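Read through the structure below, which is laid out as structure tokens, and then see the notes.
The values are calculated or read from the model by the stated rules, or taken from the named source; none is laboratory data. Please read all numbers here as calculations on a predicted model, not as lab measurements. We place every Cβ from the backbone using ideal geometry, glycine too, and count neighbours over all the protein chains shown. For accessibility, only protein heavy atoms count, side chains too; no ligands or nucleic acids. Shrake-Rupley method; radii C 1.70, N 1.55, O 1.52, S 1.80 Å.
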Amino acid sequence: MADALKDVYSTSFLTQLGTAITQHYSMFDVPTFIRDTVDEQWSALKLMERRDQITRALHNQLPSDFTEAAGILCDISTTITGFAALCLPNYVALYGRNDWQTSMSTLGVLTKTSSAEFAIRPFLVDSPKQTIQQMVTWSQSQNEDQRRLASEGIRPRLPWGIRLKRFVEDPTPIFPILENLVHDQSTYVQKSVANNLNDISKDHPQLVIDFCKTHWHDSQTTDWIINRALRTLFKAGNPDVLALLGYSQRDASLLTDISLTTSSPTVSLNQNSDFSYQLTNSTKSDLPLYLGYRVHYVKKNQQTSAKDFFIKRVNLKPQQAINGHFSMKWKQLTTRTLYAGVHHIELLVNTMPVADTNVDLTIS
């Protein structure tokens, strides 16, 4: 994913960025900025390495006084927006750590048109109490981007971000922020709250379970957040989580006439595999079922790595049978490399494997 995204930092973007700066700081020289940025290593640099190189090239020309430089960044923030604009809050992270107040004000502005989720993290390391209080304040902001920053920026295990070891070990300072946001009406914020809780659940599952129990059925919004927040614990078959969400692994053992079949035992890259499944509730009670499937992907060393996928939720009535279909495309992704070999596929009921089949993938 990162390799595919790195091309947002193109010469065209650098020209746009440099030109925007000249509108507020006439001494900035765009050709020099591009030469400082696009050196002989540029093509080999990864996404965040390019971001950092742009930031250093900006620092070569922007005023040495951080307050003045920060003002220019805020001035151009409505012109340079979106994912590529991450290089602007990154400037604050690299050069503003000795001026906490100006940095917070600047990140509060820049996050509205990009995101300061990575840039806030060095301040959480340097000045945790002060910065946590700022994030509590942002969690109560009228602006959804600032509210989202309050959650996303303090995620203990944020992908591509500095690992916040302090909060991996003790996430309790995060929960006041999440309390302020768990009823948020912005989907943008809701996703971040769920992902934050999911991060915490990997190290402190009971804390997250207790939090979710407190807010379960508060509203449709909180239920959506909680379902997403508990996904790692759910897939792991945590019995408390399954029970909270209305499922039981025991119900999987009550099913009969279970099967999983594939349309073809062999498949080539970029082709689809089609699967059919069936199962029957032979009991005298309703069975709430969460259906999914697990693919054991073959790795380069011929070991396997499992990935779970969702099919559907169903409440199976007594003596009711169900059959269905799903398909998967064998396609190379930037997030997953496929290798030739026999891939084991399992049908899951309430996270329990109940049937399986194999597909032999060939890559020419």
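Pick from segment 300-356 the residues that are of a type in the set (Phe, Trp, Tyr) and in a loop (DSSP other than H, G, I, E, B): which of them is surrounded by the most Cβ atoms within 10 Å (Cβ to Cβ)? For segment 300-356, the residue satisfying everything is 330. Every condition in (1) part of a strand (DSSP E or B); (2) open to solvent by 20 Å² or more (accessible area, probe 1.4 Å); (3) at negative phi holds for residue 257 except the one numbered (3).
Results for (1) among the acidic types (Asp, Glu); (2) more than 18 Å from residue 73 (Cα to Cα); (3) surrounded by fewer than 14 Cβ atoms within 10 Å (Cβ to Cβ), shown as yes or no for each residue.
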| position | (1), (2), (3) |
| --- | --- |
| 5 | no, yes, no |
| 18 | no, no, no |
| 32 | no, yes, yes |
| 40 | yes, yes, yes |
| 44 | no, yes, yes |
| 47 | no, yes, no |
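Applying the set (1) closer than 30 Å to residue 332 by Cβ; (2) open to solvent by less than 60 Å² (accessible area, probe 1.4 Å) to residue 242 leaves exactly one unmet item: (1). Taking the residues in segment 260-283 that are touching a Phe, Trp or Tyr at 6+ places or on another chain (Cβ under 8 Å) and not in a strand (DSSP E or B) as candidates, determine which candidate is surrounded by the fewest Cβ atoms within 10 Å (Cβ to Cβ). My answer is 270. Residues that are crowded, with 23+ Cβ neighbours inside 10 Å and more than 16 Å from the chain's Cα centre (by Cα) within segment 115-145 comprise 119, 120, 123, 134, 135, 138, 139, listed in sequence order.
When the residues of segment 229-259 are narrowed to those that are among the small types (Gly, Ala, Ser) and touching a residue at least 24 places away in the same chain (Cβ under 8 Å), which ends up farthest from residue 289 (Cα to Cα)? Among those that are among the small types (Gly, Ala, Ser) and touching a residue at least 24 places away in the same chain (Cβ under 8 Å), it is 229. Scanning segment 152-209 for residues that are outside any helix (DSSP H, G or I), buried (at least 23 other Cβ atoms within 10 Å of the Cβ) and among the small types (Gly, Ala, Ser) gives a single hit, 153. For the residues 67, 79, the requirement of being in a helix (DSSP H, G or I) and either open to solvent by less than 10 Å² (accessible area, probe 1.4 Å) or β-branched (Val, Ile, Thr) (or both) singles out 67.
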